[in-house]
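Just below is one structure, and these are the notes that go with it.
What follows is calculated from the coordinates using simple rules that are stated; it is not laboratory data. This is a predicted model, so every value here is computed, not measured. Methodologically, a virtual Cβ is constructed for each residue, glycine included, from the backbone with ideal geometry; neighbour enumeration extends over all protein chains shown.
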């Protein structure tokens, strides 16, 4: 497991910066998907089942001013930075595994 910090800046305002802390990349990717699912549930409170397309999730993520991850690498005892495109690739892999 690689400790992962998700850095989020929803708007251009620096005060909107926040982070989420996870024990692994897998948990971080699940957390990002869950964040979008919670937004959908809030916007559709009377809808029992929430479904979405990956393009909708990516559109939501693209609206953030910044989204990135810091993933701990034990061999160098440091965190490696990864950008939004890397996160999207991990989301695709995660959802493909869920679909199997």
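Treat the count of other C-beta atoms within 10 Å as a stand-in for reagent exposure and order 84, 48, 14 from fewest to most.
The most exposed by this proxy come first: 48, 14, 84.
Hey, what angle do you get for helix 84-99 against the long axis of the chain, alpha-carbon based, 0 to 90 degrees rounded to 10?
The answer is roughly 60 degrees.
For residue 77 and residue 59, compute 0.36 nm times the residue count separating them, minus their Cα-Cα distance, and round to one decimal in nm. Display every interim value, and only then the final one.
Values: separation 18, 0.36 × 18 = 6.48 nm, distance 3.40 nm.
Taking residue 77 through residue 59 to full extension adds about 3.1 nm, to one decimal.
Where in the stretch 34-78 does the amide nitrogen come within less than 16 Å of the point 7 Å from the Cα of residue 7, taken along Cα to Cβ?
64-73, 78
Using the basic label-point model (7 angstrom from Cα toward the beta carbon), what is the residue 40 to residue 92 distance in nanometres?
1.9 nm
At what distance in angstrom do the alpha carbon centres of the stretch 69-96 and the stretch 1-30 lie from each other?
Cα centres, the stretch 69-96 to the stretch 1-30: 11 Å.
Note the angle between two axes, namely the Cα long axis of helix 25-43 and the longest principal axis of the Cα atoms of the chain, as a number of degrees from 0 to 90, rounded to the nearest 10.
For 25-43 against the chain, the angle is about 30 degrees.
Given just the C-alpha atoms of the chain, how large is their convex hull per residue in cubic angstrom? Mind dumping the intermediate values first?
On the way: hull volume 11.4 nm³, N = 100.
Convex hull volume per residue, Cα atoms: 114 Å³.
For the pair residue 66/residue 99, report the inter-label distance in nm, with labels modelled 7 Å from Cα in the Cβ direction.
3.2 nm
At a 10 Å Cβ-Cβ cut-off, how would you order 18, 4, fewest neighbours first? Numbers along the way, then the final one.
Details: 18 10, 4 22.
Taking fewest neighbouring Cβ atoms as first place, the list is 18, 4.
With a cut-off of 8 Å between alpha carbons and a minimum separation of six or more residues, what is the relative contact order of the stretch 26-100 in percent? List each step's numbers first, then the result.
Working: 41 pairs, mean separation 20.8, N = 75.
Contact order relative to length: 28 percent.
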